[in-house]
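Just so you know, all these numbers are worked out from the coordinates, no wet-lab data involved. Quick caveat: nothing in here was measured; it's all calculated off a predicted structure. Reconstructed Cβ throughout: ideal geometry from the backbone, glycine too, with neighbour counts over all protein chains shown.
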């Protein structure tokens, strides 16, 4: 299998997470060997990440993001670079909130669905990386 | 994401979504359900059979609607979640309060 790397540039507003879904559809169409569970776990994690970035930047006049996704024999990885100020999102081990809570699950979901979640501040940009190994087993549901 | 509603009996509304339940469709979802509850239909059945994707924003909207329905003396039940939606429900530990029903008829039963 040859490595496939695709990129999407979007600004929010007016762009939103539906742009990320549509972008991923093209990634899946070109990588039919990616299994259904890997696909939905990775897509869920990436949408949670993009939603967090968009939401935290919403009060500051919006954000521009560059998203690249790589599918290769090791698995799936994504890098999301955004123009928001640093420190908007705190990445630490998050526990699921109680069942009637209406928010606070995004980071915990990402951590449950990918093998690696990283954050770096590079040249006044936030750089988020997630990866999920292809052979990773399904989480115990 | 598009929503349609159908009245059932005296106090039940069936809400059908078609698309993705995420931060984009969260506000319209809350609005559709709030309107139905205010119109005297606090028993809400959400048919998810055409919702291919839900994230934590969409889940937050469902839980908010569940609380509104219960406050009005009703309940909110979900029908036919996709594999992805079921995965999010289970990982979020909310499958106890949002237990999926197999059909609208079953969910609408007392």
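Neighbour counts of other Cβ atoms within 10 Å put A:28, A:128 in the fewest-to-most order A:28, A:128. Extending 7 Å from the Cα toward the beta-carbon at both residue A:33 and residue A:91 defines two label points whose distance is 2.8 nm. Just to confirm the number: angle between the C-alpha axis of helix B:56-71 and the first principal axis of chain B, 0 to 90 degrees, nearest 10? Between helix and principal axis, roughly 20 degrees. Taking only the Cα atoms of the stretch B:2-108, the ratio Rg/Rh comes out at 0.92, with Rh defined as the Kirkwood radius.
The modelled label-to-label distance for the pair residue B:75/residue A:115, using points 7 Å beyond Cα in the direction of Cβ, is 4.3 nm. Kindly provide log₁₀ I(q)/I(0) values, in the same order as q = 0.13, 0.24, 0.25, 0.32 Å⁻¹, from the Debye equation applied to equal alpha-carbon scatterers of the stretch A:47-91. So the normalised log intensities work out to -0.33, -0.86, -0.90, -1.24. Our Cα-only numbers for the stretch A:79-130 put the radius of gyration and Dmax at 12.5, 40 Å. Here the contact order of chain A, divided by its residue count and restricted to Cα pairs under 8 Å and six or more residues apart, works out to 27 percent.
For the stretch B:2-108, what's the relative contact order in percent, using C-alpha pairs closer than 8 Å and at least 6 residues apart? Let's see the in-between values first.
Values: 196 pairs, mean separation 28.1, N = 107.
RCO, the stretch B:2-108: 26 percent.
Spin-label model, residue B:109 to residue A:123: label points 7 Å out along the Cα-to-beta-carbon direction sit 6.2 nm apart. Each listed q (0.10, 0.15, 0.16 Å⁻¹) maps to a log10 I(q)/I(0) for the protein assembly as shown from the Debye sum over equal C-alpha point scatterers, namely -0.50, -1.05, -1.16.
Counted by neighbouring Cβ atoms within 10 Å, the residues B:86, B:4, A:101 run from fewest to most as B:4, A:101, B:86.
If you take the Cα centroid of the stretch B:49-110 and the Cα centroid of the stretch A:80-108, the two points sit 22 Å apart. Annotation: the residues B:85, A:9, A:34, B:44, sorted from fewest to most other C-beta atoms within 10 Å of their own C-beta, follow the order A:9, A:34, B:85, B:44.
Express as a percent, rounded to the nearest 5, the fraction of DSSP beta bridges in chain B (both residues included) that run antiparallel.
Among the beta bridges of chain B, antiparallel pairing accounts for roughly 30 percent.
Dividing the helix sum by the residues of chain B, where each DSSP H run of 4 or more adds -39500 (n - 2.57), gives a mean residue ellipticity at 222 nm of -11500 deg cm²/dmol. Counting every alpha-carbon pair across the stretch A:4-133, the share separated by more than 23 Å comes to 30%.
Across peptide B:31-43, what mean number of C-beta atoms from other chains lies inside 10 Å of a residue's C-beta? Whole-number average of other-chain Cβ neighbours for B:31-43 is 0.
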